[in-house]
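S.K.: This is the structure, below, for whatever I ask next.
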Amino acid sequence: MKLLSLKGQNIGLLKGEFEFEFDQSLTVITGPIGCGKSTILTMIRASLTNSFPGTASSWASWGASPQEACYFVASWRIGSRVLHIAKCVSGDRDFAAMNIPRLRIENDDGTIEDVHSSREALERTHSLIPVPASIIDGHLIVDQDSITAPVASTPAKFKETIHTLTRTSELELMRLKIKDLLCTVTIPDVEGPLAEAQAEVNRLTGEENGIQKRLLEVNTHQSNININEVNADLETQQLLRRNNERMADLELYVREARSSLQFLDSGIVSQTVTLAEVEHRLLSRHAKVEEAKKTLYSLDASRERYAKKLKLQDHLWNVSASIDDLTARIADAPACEKVPADYKVKAQDVRASFNAEIAALKQRIALVEQGNCPTCGQSTKCPVSVEDLKDQLNGKQLELEAVTRLQKEISDCIDAWERYDNESKVWVALLDSRKEEMMRITSELESLADAVEVGASEAVELKALIDSHAADESQRTMLNASLTHKDKQRAELNGKLQEYLRQIEDLPKKKFDPEFYARLMHNLETYRKLDGVRQGLVGELSATQKTLDRAQDRLKVYLDRKAKIEPTLRFREVLQLSEKALVKDALPKLLSAQYMGKLNERIQFYLRMINAEFTAHINSDLEFMAKKSDGLVHKANRLSGGQKQQASVCYLLAVNDVFASTLGVLALDEPSGAMQESNSQDLAEAFNYLANLGQRTGRQFIVITHSAALAEYGCKQIRLEPSK
């Protein structure tokens, strides 16, 4: 219930025409004494109960003509309709001339019904209002004089209120009528085969429904998988994986080629610098060497032969040292055993295989921890334990670490052997050249074996110069040969590098997604399993439907026999269940106890909200009790005036909370009149909570007050001024 508006003329202190609209949550009416605030509350009550303090005519405004219409119209929203209730307290003829119906009902479907008879309007109003007048006066609309009435209520009064709100009395009358009706209904015996046939049909129907439900779930699951899209994605991911693997190999080849080029470039730069130094020395000493040669030629044959012998011996020592150095370099092969170059790829494949196995084990562990089978993924008991799977996972991870170390060792070994092979080719070529030179020098020394020193001191410097020049020429030859070989190697490596880079550029850049690929494989396997389950369910459904058809034929025979007594049987069953539920110790008692517990809970809630110095509740004997802060428990009517008002207001708010679906509206006149200012402020904060609650739950509160603190929390304020 919600009050929408009040309008009229010449009622009480509201002289002349007036119209008020009310907020759907909290409306506060303020004004000085004698401005007509309580008149508004009287009109609200009278619109629902047709009850006026004193006589109705006494509520015509003072000074109004007896012939002038004194009336008001209250508009209420009740369920799916709006009721416009008109009450005339004086000037009936003038009111009749206005053609205002005593009751206008506007339904939400657009239909309108007008009632002009006062008696009929009152009866229709009471039939549409969800609560009786006894509840409206004291629980929905509370004037200032009765604001503390709940504190002094007797147990009988509380019982009457609870029974009225829960409709317990109506339930008891209904139960007695049902009990009398049961005595007049007799049912003939029903044969047992009908129950057996019905049970069989129910069982088969349940089986059929269960199979159909499972079949629907399987079909839905299959349709959700979208197998065509899964197959297309799988093909794409497989192609991406091959491309990514090829990309990884090519990137490795590029790194190796660039490393080899860097090594070759550093060697070429070093040898080029050395060659330039040798060329410079040869050019600068060329004239001196030629002069030294001429001088040596002038010596006698013995000295010349001896000098040649010494030169050859020195040269032989240098060549021998060079041979030893080259031999040591060739012999200094990498410490690891040489393995084929494709071992790198094989090691990568082994490592990828271990990663895939570890991912599969983690997925199986996750399925088991979720209570699913690690093989089929279904929710079922499985003999595989999480601990066994985790042990397998730890073992695989240890093996993966070993494989990773082995992969690095293989890669380092292959790189070392490739560098060694490239350099050893140069060293072998130089070693062959040195050995040929050594054989030539040895042969010449054999022919000069009889040469002896003759004037050696004179030719020492010349010989040293000539030997040094010859050594530089030999080094230049060796460096030129080495640079030529390195240039050839560099050209070959550059060609390979460019080919690798071209292949990398041609490959697509999109990455293979292992998690997505695993999900696709899981979806494909799930789809295949579901297809097998679906075929089995189709066969099972066909067999069950045939059996159900035969059972339904048998049931129809039994139902035809029972058709005449079935309505009577059902009627008696309904009566028995209704009579059993309506016993006082059953549903009515349960309702009363339940609502009383909720009522006490809400009373405590509002007392805490306003910071009351006591607690209150309605005990099992339906007495309103209070408990002070010192622990003393006594009846609430012994509280002070302000405390009684606090307890009563909290009780009224609690009733409106508990029976909000029935009531929905609460109008209070001066709820804080006897309270201290601090308590009034707490009550105002409580009404702020109610305003918010009303906005959320659709409940309405109307408060008449002089309290400025309480007025501030109103969603709407109606300010009245004294009539002039």
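S.K.: Under 7 Å by Cβ, and 6 or more places apart or on different chains, what pairs join a residue from segment 95-119 that is in the same structural domain as SER75 (by TED's automatic domain parsing) and of a type in the set (Val, Ile, Thr) with one that is modelled with pLDDT of 90 or more and part of a loop (DSSP other than H, G, I, E, B)?
M.R.: These pairs meet every condition: VAL115/PRO101; VAL115/ARG102.
S.K.: Does segment 672-680 contain at least one residue that is at pLDDT below 75, part of a helix (DSSP H, G or I), charged (D, E, K, R) and not assigned by TED's automatic domain parsing to the domain that holds GLY597? Explain how you work it out, then say what you get.
M.R.: At the first step, the residues of segment 672-680 found to be at pLDDT below 75 are 672-680.
Then drop every residue that is not part of a helix (DSSP H, G or I), which leaves 677-680.
Now narrow it down to the ones that are charged (D, E, K, R): 677.
Filter once more, so that each one left must be not assigned by TED's automatic domain parsing to the domain that holds GLY597: 677.
Looking through segment 672-680, at least one residue is at pLDDT below 75, part of a helix (DSSP H, G or I), charged (D, E, K, R) and not assigned by TED's automatic domain parsing to the domain that holds GLY597.
S.K.: Do we have ALA69 as of a type in the set (A, V, I, L, M) and out of contact with any Lys or Arg (no Cβ under 9 Å at 6 or more places or on another chain) here?
M.R.: Values: of a type in the set (A, V, I, L, M): yes; out of contact with any Lys or Arg (no Cβ under 9 Å at 6 or more places or on another chain): no.
Here the answer is no, as ALA69 does not meet what is asked.
Residue-by-condition table, conditions (1) touching a Leu at 6+ places or on another chain (Cβ under 8 Å); (2) within 22 Å of ALA709 (Cα to Cα):
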| residue | (1), (2) |
| --- | --- |
| MET1 | yes, no |
| GLY16 | no, no |
| ILE29 | yes, yes |
| ARG45 | no, no |
| SER51 | no, no |
| SER65 | no, no |
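S.K.: Output yes when any residue across segment 34-48 is of a type outside the set (Gly, Ala, Ser) and surrounded by fewer than 17 Cβ atoms within 10 Å (Cβ to Cβ), and no when none is. Lay out the reasoning, then the answer.
M.R.: Step one: filter segment 34-48 for residues of a type outside the set (Gly, Ala, Ser), giving 35, 37, 39-45, 48.
Okay, now just the ones that are also surrounded by fewer than 17 Cβ atoms within 10 Å (Cβ to Cβ), so none.
No, every residue in segment 34-48 fails to be of a type outside the set (Gly, Ala, Ser) and surrounded by fewer than 17 Cβ atoms within 10 Å (Cβ to Cβ).
S.K.: Within segment 501-509, does at least one residue satisfy the condition of being closer than 30 Å to ALA352 by Cα, in a helix (DSSP H, G or I) and touching a helix residue (DSSP H, G or I) at 6+ places or on another chain (Cβ under 6 Å)? First the steps, then the outcome.
M.R.: From segment 501-509, those closer than 30 Å to ALA352 by Cα are 501-509; that's our starting set.
The next check asks that each one be in a helix (DSSP H, G or I); those that pass are 501-506.
Okay, now just the ones that are also touching a helix residue (DSSP H, G or I) at 6+ places or on another chain (Cβ under 6 Å), so 503-504.
Checked against the condition, which is being closer than 30 Å to ALA352 by Cα, in a helix (DSSP H, G or I) and touching a helix residue (DSSP H, G or I) at 6+ places or on another chain (Cβ under 6 Å), segment 501-509 yields at least one hit.
Each row is one residue, and each column tells you yes or no for (1) surrounded by 13 or more Cβ atoms within 10 Å (Cβ to Cβ); (2) touching a Ser or Thr at 6+ places or on another chain (Cβ under 7 Å); (3) within 30 Å of ASP412 (Cβ to Cβ).
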residue	(1), (2), (3)
ILE225	yes, yes, no
LEU264	yes, no, yes
GLU279	yes, no, no
ALA292	yes, no, no
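S.K.: I'd like the residue in segment 124-150 that is at pLDDT 75 or above and farther than 17 Å from ASN656 by Cβ and, out of all such residues, is surrounded by the most Cβ atoms within 10 Å (Cβ to Cβ).
M.R.: Per the criteria, the residue is THR125.
S.K.: Let me confirm something: among ALA416, ALA481, which residue is at pLDDT below 90 and surrounded by 14 or more Cβ atoms within 10 Å (Cβ to Cβ)?
M.R.: Working: ALA481 fails: at pLDDT below 90.
Going through ALA416, ALA481 in turn, the sole match is ALA416.
S.K.: Kindly list the number of the only condition in (1) modelled with pLDDT of 90 or more; (2) within 54 Å of the chain's Cα centre (by Cα) that fails for ARG45.
M.R.: (1)
S.K.: For segment 48-80, what are the residues that are in a helix (DSSP H, G or I) and within 60 Å of the chain's Cα centre (by Cα)? Spell out the reasoning first.
M.R.: Of the residues in segment 48-80, the ones in a helix (DSSP H, G or I) are 48-49, 56-59.
If the condition is that a residue be in a helix (DSSP H, G or I) and within 60 Å of the chain's Cα centre (by Cα), then LEU48, THR49 are the ones that fit.
S.K.: Provide a single number: the residues in segment 240-262 that are within 17 Å of GLN489 (Cβ to Cβ), among the small types (Gly, Ala, Ser) and surrounded by fewer than 17 Cβ atoms within 10 Å (Cβ to Cβ).
M.R.: Total satisfying the criteria: 1.
S.K.: Take ASN99 and tell me if it is surrounded by fewer than 22 Cβ atoms within 10 Å (Cβ to Cβ) and modelled with pLDDT of 90 or more.
M.R.: On the way: surrounded by fewer than 22 Cβ atoms within 10 Å (Cβ to Cβ): yes; modelled with pLDDT of 90 or more: yes.
When the stated conditions are applied, ASN99 passes them.
Condition check ((1) of a type in the set (A, V, I, L, M); (2) more than 19 Å from LEU448 (Cα to Cα); (3) touching a residue at least 60 places away in the same chain (Cβ under 8 Å)) across all residues:
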residue: ALA257; (1), (2), (3): yes, yes, yes
residue: GLU277; (1), (2), (3): no, yes, no
residue: LEU282; (1), (2), (3): yes, yes, yes
residue: ALA292; (1), (2), (3): yes, yes, yes
residue: THR295; (1), (2), (3): no, yes, yes
residue: ASP325; (1), (2), (3): no, yes, no
residue: ALA335; (1), (2), (3): yes, yes, no
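S.K.: Can you tell me which of LYS546, LYS488, LYS529 is at negative phi, outside the structural domain of GLY206 (by TED's automatic domain parsing) and out of contact with any helix residue (DSSP H, G or I) (no Cβ under 9 Å at 6 or more places or on another chain)?
M.R.: On the way: LYS546 fails: outside the structural domain of GLY206 (by TED's automatic domain parsing); LYS529 fails: outside the structural domain of GLY206 (by TED's automatic domain parsing).
Just a single option satisfies the conditions, and that option is LYS488.
The values are calculated or read from the model by the stated rules, or taken from the named source; none is laboratory data. Everything numeric in this text was worked out from a predicted model, so none of it was measured. A quick note on method: Cβ atoms are made from the backbone with ideal geometry, for glycine too, and the neighbour counts reach across all protein chains shown.
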